[in-house]
Amino acid sequence: MRLITVLLVALLSGCATTYQPVPENYQGDIATFESTEEQHSTSKSDLFYLAKVDGKQIYSTLSATRNATYGKGFYLKTQLIQTQVPAKQATFSIIGRTEHAAPIQAFTDKVYEVKGNVSFIPMPNKEYVVKGKLGPKYSAVWIEHKDTGEIVDKKIEISGSAELGFFEK
């Protein structure tokens, strides 16, 4: 019975793995992406983060924040992470999303989300920041050069409401 439990745990934990954009022993140039937030209260923030690289799910600020917040009741402990990526052509999936400390709060409050892809070649040894704005009439998420504030490629924008429905939260 113990062997079955160990095998089941190993199998299920394998399903939870995420893509590592920089492979082990990688020798090329890298760039860094940082997440940002707009904090509304101790239990609610808008998070802006990198979610995928070339269509592959990475460990994100949303996952890190949910892990850090677990068991803290109505206190949201945000974890804004940095992600290193190879400095080569890639498609970056970025998200802006309202996050609450407790899932029940999301059902009684508005949750906004905007997401999309930006394709470009990050410059070697440069830092990029995922930024955004969420609201009832306009929402956007974009990538900026950290040094200059210049927007990379384009903004992903929604004019009008980006509020998620009850079952999307």
_Alpha-carbon centroid distance for the pair segment 93-159 / segment 17-71, whole angstrom_ = 12 Å
*asked:* Cross-link candidates for K115: which aspartates and glutamates have Cα within less than 18 Å, leaving aside residues fewer than 8 places away along the same chain?
replied: E34, E37, E38, D46, D54, E99, E144, D153, E157, E163, E168
*Using every Cα-Cα pair within segment 73-131, state what percent have a distance larger than 19 Å.*
48 percent
*Accessible area per residue in Å² at 1.4 Å probe, computed on segment 14-56*: 56 Å²
*Multiply the residue gap between E168 and E127 by 0.36 nm, knock off their C-alpha separation, and tell me the result in nm, one decimal place.*
11.6 nm
*Alpha carbons only, please: Rg and Dmax for segment 19-131, in angstrom.*
15.0, 48
*Could you check how much of the accessible area of the chain is carbon and sulfur, as a whole percent, using a 1.4 Å probe?*
54 percent
*Return a whole-number percent for the relative contact order of the chain, with Cα pairs under 8 Å and 6 or more residues apart as the contact set.*
21 percent
*Rounding to the nearest 20 debye, state how big the charge dipole of segment 49-169 is about its Cα centre with +1 on each Lys and Arg Cβ and -1 on each Asp and Glu Cβ.*
180 debye
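The values are calculated or read from the model by the stated rules, or taken from the named source; none is laboratory data. Computed from a predicted structure; not experimentally measured. Neighbour counts are summed over all protein chains in view; Cβ atoms, including those assigned to glycine, are modelled from backbone coordinates with ideal geometry. In case anyone asks, the SASA skips ligands and DNA or RNA and just uses the protein heavy atoms, side chains included. Shrake-Rupley method; radii C 1.70, N 1.55, O 1.52, S 1.80 Å.
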